Amino acid sequence: MKVFKFGGASVKDASGVRNLERIVRMNSTSDGLMVVVSAMGKTTNALERVVDYLETGKEEMALTQWVDIIDHHVAIMKELGLQPGSDIRLQGEIPFDPALPYDQNYDQIVSLGEIMSTQIIAVYLLKQGLSVEWWNMPKLLRTDSTWREAVVDDSTSSAAIRAGWERTNRPQVVVTQGFIGGTADGYRTTLGREGSDYTAALLGNYLNAESVTIWKDVPGILNADPRIEPNTILIPSLRYQDAVELSYSGAQIIHPKTIRPLENKRIPLLVKPFGDPTAEGSRIAEDGVGPINVPVYIWRKNQILITMRAKDFAFALESSLSEIFEIIHQHRLKVSLIQSSAVTISVCVDNTRFVPAAIEALQTHFNVSYNDHLSLLTIRGTTPEILEQAKAGRTIMLSQTTRRTARLVVKE
């Protein structure tokens, strides 16, 4: 069997859903096809606004946004020839509980984007004559209660997924959600933004898939973001290790957690354009793959550089590092770069809502300064000429260079 994952851009409207149906029909076999789908278009962003409005007491604005989301899905259903209320009943009330913490409410509400999109797609595929089964992933993918970044219980989840697969009547297609799971006591969880890739990889691992394919709005894995660099080059094949390094550096094409479940069972990962399904795209594997032979430019936006200095001007590096990273871990910061000197340690992290509390905690032990509105540029396969060109006209806050890789923290 194979696993396909479709992101929000590929199903943002009715024509996207029809294109998904064509791709699925081209590839469905008696061995079965697992189709993992994200929320439609910008639905996740819209649902995040609903959460924020409710948490700040703006109930009327939350309701207006909620109605817009439902109306958007209803419009897509009608364009697909589906009947709201009979073919599909969308969520009525917003599942918000003021007694729950923000992150837990976030997961209950934002996860509805995937639930709605997969219900619509499953019914549409069924009406197009395909044999389809819809899976409710929060009932199968067991996680802990680390809201917004839930940790998957592999043992429980793999057993449930395999049992579910054995119970099916072997339909041509199983449609399910990426990005979301569920706790033992019935709450929905999310796996972190862009976590649908990770879901697809886990399903591929649990079911020993022949391959996992991620359908994107780009030709495959490129050596730069085409929205930033106009002259990009397709990388037709790369190793698991290269893919991990690219995703860790901030490449948006693959979720950082995706590779490990596939590498463990040597399952190839294909990245293909949903606008041209017969194109080769890119293949991530170990067999027959050499090193990347073009420079790769990876931008990681919205960074903050935090610098810590011991209050007594002494710096016992080993003990300070453990203290710093314990605080960073507690506040759920994602470190993208580390640099140390005799008296300072600097970390570049994603500038999330957790940063202010982390800085406050660090200030109890260290003198802390920071710079925000930064980006991190990683260049793999750099040369002195490429590095000089990258620095030209930019304010460089920090740089690290090895023989083949350069990392620049720059002002946005």
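Worth pointing out:
- Set side by side, the residues GLN128, GLN91 differ, and just one is out of contact with any strand residue (DSSP E or B) (no Cβ under 9 Å at 6 or more places or on another chain) and at pLDDT below 95, which is GLN91.
- Of everything in segment 67-88 that is under 20 Å from TRP135 (Cβ atoms) and modelled with pLDDT under 95, the residue that is least open to solvent (accessible area, probe 1.4 Å) is ILE88.
- The lone exception for TYR370 - which of (1) of a type outside the set (S, T, N, Q); (2) part of a strand (DSSP E or B); (3) open to solvent by 40 Å² or more (accessible area, probe 1.4 Å); (4) touching a Lys or Arg at 6+ places or on another chain (Cβ under 9 Å) it fails: (4)
- Count - residues of segment 127-144 that are part of a helix (DSSP H, G or I) and within 17 Å of SER15 (Cα to Cα): 1
For every residue, the table says whether it meets (1) farther than 23 Å from GLU149 by Cα; (2) assigned to a helix (DSSP H, G or I); (3) open to solvent by 30 Å² or more (accessible area, probe 1.4 Å).
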site: ILE327; (1), (2), (3): no, yes, no
site: LEU333; (1), (2), (3): no, no, no
site: PRO356; (1), (2), (3): no, yes, yes
site: ARG394; (1), (2), (3): yes, no, yes
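- Any hit, segment 316-335, residues being under 30 Å from ASP13 (Cβ atoms), without any contact (Cβ under 8 Å) to a residue 12 or more places away in the chain and among the hydroxyl-bearing types (Ser, Thr, Tyr): no
- Taken over segment 112-138, the residue count meeting the criterion of being open to solvent by 50 Å² or more (accessible area, probe 1.4 Å) and either farther than 21 Å from PHE6 by Cα or among the hydrophobic types (A, V, I, L, M, F, W, C) (or both) is 2.
- Set VAL244, VAL212: member being buried (at least 16 other Cβ atoms within 10 Å of the Cβ), assigned to a helix (DSSP H, G or I) and of a type in the set (Val, Ile, Thr): VAL244
- On the stretch given as segment 145-164, residues that are touching a residue at least 40 places away in the same chain (Cβ under 8 Å), in a loop (DSSP other than H, G, I, E, B) and not basic (Lys, Arg) total 5.
- Which listed residue is in contact with a Pro (Cβ under 8 Å, 6 or more places away or on another chain), open to solvent by less than 60 Å² (accessible area, probe 1.4 Å) and farther than 25 Å from VAL174 by Cβ, from ILE109, ILE94: ILE109
The values are calculated or read from the model by the stated rules, or taken from the named source; none is laboratory data. Given the structure is predicted, the values throughout are model-derived calculations rather than measurements. Please note: Cβ atoms are built from the backbone with ideal geometry, for glycine as well, and neighbour counts cover all protein chains shown. Heavy atoms of the whole protein, side chains included, go into the accessibility calculation; ligands, DNA and RNA do not. Shrake-Rupley method; radii C 1.70, N 1.55, O 1.52, S 1.80 Å.
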